[in-house]
Amino acid sequence: VQLQASGGGSVQAGGSLRLSCVASGVRVSTTNMGWYRQAPGKERESVADISGSDSTNYEDSVKGRFTISRDNAKNTLYLQMNSLKPEDTAVYFCNLNNFGKLYWGQGTLVTVSS
């Protein structure tokens, strides 16, 4: 199983980005997946997750701004991030839980300037 994350970049506050995470070796349609982030000097935290039955959860600070989704045909997980804030600056990682074994993508940097 491999996860390839992309889509990070530098934006101004209020801007948008869409992160992608392409999976290989496993079908994303039936797995629990999520996005995490790690800001400098802070621990990695969960941002959003989606279950195999498409139930979603969001960290409080991103509710109403971020949307997690997946395209089963492309075997890809997405994170649409709108109304970005400087405090969203972090390295974002995608995660997949395949029968209890966790896999991580390599991380993609998001920088939001004020």
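The values are calculated or read from the model by the stated rules, or taken from the named source; none is laboratory data. The shown structure was predicted, so the numbers you read here are calculated from the model rather than taken from an experiment. Note that each Cβ is placed from the backbone with ideal geometry, even for glycine, and that neighbours are counted across all protein chains shown. All accessible areas refer to the heavy atoms of the entire protein, side chains included, with ligands and DNA or RNA removed. Shrake-Rupley method; radii C 1.70, N 1.55, O 1.52, S 1.80 Å.
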Against the conditions (1) in a strand (DSSP E or B); (2) out of contact with any strand residue (DSSP E or B) (no Cβ under 6 Å at 6 or more places or on another chain), where does K42 fall short? Just the number, please.
(1)
Out of all the residues in segment 66-103, which are surrounded by fewer than 14 Cβ atoms within 10 Å (Cβ to Cβ), assigned to a strand (DSSP E or B) and either touching a Leu at 6+ places or on another chain (Cβ under 6 Å) or not aliphatic (A, V, I, L, M) (or both)?
D71, K101
Pairs, please: C-beta under 7 Å, at least 6 apart or cross-chain, first residue over 22 Å from R18 (Cβ atoms) and in segment 88-103, second in a strand (DSSP E or B)?
N97/N32; L102/N95
Go through (1) assigned to a strand (DSSP E or B); (2) touching a residue at least 24 places away in the same chain (Cβ under 8 Å); (3) small (G, A, S); (4) surrounded by fewer than 19 Cβ atoms within 10 Å (Cβ to Cβ) and name the single condition S29 misses.
(1)
Which is open to solvent by 10 Å² or more (accessible area, probe 1.4 Å), within 11 Å of the chain's Cα centre (by Cα), modelled with pLDDT of 95 or more and among the acidic types (D, E), of D60, D49?
D49
Show the residue pairs meeting these rules: Cβ distance below 8 Å; 6+ apart or different chains; first residue within segment 40-55 and within 15 Å of Y78 (Cα to Cα); second residue at pLDDT below 95 and open to solvent by 90 Å² or more (accessible area, probe 1.4 Å).
G52/T30
Go through T30, T76, T111 for me and flag whichever is within 21 Å of V1 (Cα to Cα) and at pLDDT 95 or above.
T76
Any idea which of D54, D49, D88, D71 is out of contact with any strand residue (DSSP E or B) (no Cβ under 8 Å at 6 or more places or on another chain) and of a type outside the set (G, A, S)?
D54
Consider R18 carefully, then state whether it is under 16 Å from V110 (Cα atoms) and either touching a Leu at 6+ places or on another chain (Cβ under 8 Å) or surrounded by fewer than 17 Cβ atoms within 10 Å (Cβ to Cβ) (or both).
yes
Single condition Y36 does not satisfy, out of (1) touching a Cys at 6+ places or on another chain (Cβ under 9 Å); (2) open to solvent by 50 Å² or more (accessible area, probe 1.4 Å); (3) modelled with pLDDT under 95
(3)
